[in-house]
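A short worksheet on the structure shown next.
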Amino acid sequence: MADRPSLPALIIAIAVLAGSYCRVASSASPAVEDELRGGGGAGGPTTMRRRAASVMVPITILKSAVSDGAVCMDGTPPAYHLDPGSGAGSRSWIVNLEGGAWCNSAKTCRLTRSSGRGSSDHMDKEIPFTGIMSSSRAVNPDFYNWNRVKVRYCDGGSFAGEAFDKDTGIYFRGQRIWNAVIRHLLSIGMANADQVLLAGCSSGGLAVILHCDQLRAFFPSGSTVVKCISDGGLYLDAVDVSGGRSLRSYFGDIVAMQGIAQNLPPACTARLDATSIVLSLAPDRADPSGAWRACKSNRTACSASQMSFLQDFRDQMVASVKGFSGSRSNGVFLSSCFAHCQSEQLGTWNTKPGGSPTIQNKGISKSVGDWYFDRAEVKAVDCRYPCDNTCHHII
């Protein structure tokens, strides 16, 4: 379903197992306390409200997008959160695509439609910006003063769908949402950007892969540096624990129901079927006896044979990025941690506050900065689990 973008891109991935969203708890070092207070040397924008526990950024509902049919699953307008940049970062932008799984049937899509993943009416009106989105210079030294945007996810298909289901009354307009939000951001200043970074994790990370080259097309002059980072968004067409590829049908349903195939990169669909990715190695349908249930919830409960299976998946992941990482402009940070979506986590983004996992003595934040600003090549592939004692195993 996803091909490598031709633009410079960096993949942050886990080499063992992809899991669900988690929060990281860590001791509050001075840098963490600075982030939680909203500090960062340059100060925070007036649009942000400070709370004792986090820096909250308010939502913007993009009502003008409705006239173009760019709507969430229930027909409500799309939305985003913006923390304006300052000083030297005022002409630089991060556009972060929110993740949150997919829906593949009338039943699951109805449930999603009634949540913040399918309706802007149900979205949080303020969200915290942490990790790569932080305004703290100590936590996020390379990007803290950039314009930072979180595009909310409410289409169920990685911002790629183009369909309307008459039976359920559900809109799948992810591609229109993408176009509408990007054009809006261009109109309020991003068109004059010197630097842009498209980011996202999980289904948002997959959306980054799908839309990276599309974003570059919005800057035809070539004067803007555009790069893309996919965190936990590379999904392999791997054999699951039953010996089959059970989730091909899952993604087949998504592609067909949401009209996604027409919006996939032509360089990909010319060579691969539009459904050629999988979500997980051990979905419930591939494990009816529940033999993997304990291992999925607690890595220490994995048997030797289960761990061997996961290590084999790690080897497949390493092999899959070999060609991609051959380009000097591309980068890889492939850790052997039981974790998912580490770039936005307070405890895993930077080595100083929370203890980012490190490869070759370099954490995620430093690696991303070195790659983006061409300070160094980043081709970081971790040793096999459990050798890395810098990991936060949060799933």
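The values are calculated or read from the model by the stated rules, or taken from the named source; none is laboratory data. Predicted model only: the values in this text are computed from it and were never measured. Counting neighbours? That spans all protein chains shown, and the Cβs are built from the backbone with ideal geometry, glycine included. Just the protein is used for accessible areas: all its heavy atoms, side chains included, with ligands, DNA and RNA removed. Shrake-Rupley method; radii C 1.70, N 1.55, O 1.52, S 1.80 Å.
Compute the signed sum of charges (Lys and Arg +1, Asp and Glu -1) over the other residues within less than 13 Å, Cβ to Cβ, of A191.
Combined, the nearby Lys, Arg, Asp and Glu give +1.
Pull up all non-local amide H partners of C337: gap of 5 or more, or a different chain, and H-to-H distance under 5 Å with H placed in the peptide plane.
Long-range HN contacts for C337: A15, V16.
Report the Cα centroid-to-centroid distance between the range 142-179 and the range 363-395 in angstrom, as an integer.
Centre-to-centre (Cα) distance: 29 Å.
Over the range 151-209, what percent of the accessible surface lies on carbon and sulfur atoms, probe 1.4 Å?
Answer for the range 151-209 is 41 percent, counting heavy atoms of protein chains only.
Around L281, which amide H atoms from residues at least 5 apart in sequence, or from another chain, sit under 5 Å from its own amide H, with H modelled in the peptide plane?
Amide H neighbours of L281: A18.
Give me the 1.4 Å probe accessible area per residue for the range 90-214, excluding ligands and nucleic acids, in Å².
Accessible area per residue: 31 Å².
Suppose the chain between F373 and M307 were pulled fully straight at 0.36 nm per residue; how much longer would it get relative to their current alpha carbon spacing?
Roughly 20.0 nm would be gained on extension.
When Lys and Arg each count +1 and Asp and Glu each count -1, what net charge do the other residues less than 13 Å away from V318, Cβ to Cβ, add up to?
Charge balance near V318 sits at +1.
Output wanted: per-residue J couplings in Hz (rounded whole) for the range 316-331, from phi through Karplus 6.51 cos²θ - 1.76 cosθ + 1.60, θ = phi - 60°, x for Gly and Pro.
These are the phi-based 3J(HN,Hα) values: 5, 5, 4, 5, 5, 9, 4, x, 4, 6, x, 7, 4, 6, 8, x Hz.
Report the trypsin sites (Lys or Arg not before Pro) located in the range 115-150 that are in a DSSP loop and have at most 16 other Cβ atoms inside 10 Å of their Cβ, or state none.
Here the trypsin sites (Lys or Arg not before Pro) that fit, given the DSSP loop and packing criteria, are K125.
Using each residue's phi in the range 95-110, evaluate 6.51 cos²θ - 1.76 cosθ + 1.60 at θ = phi - 60° and report the 3J(HN,Hα) Karplus result to the nearest Hz, with x for Gly and Pro.
Whole-Hz 3J(HN,Hα) from phi for the range 95-110: 10, 10, 8, 5, x, x, 6, 9, 10, 10, 8, 4, 5, 5, 6, 5.
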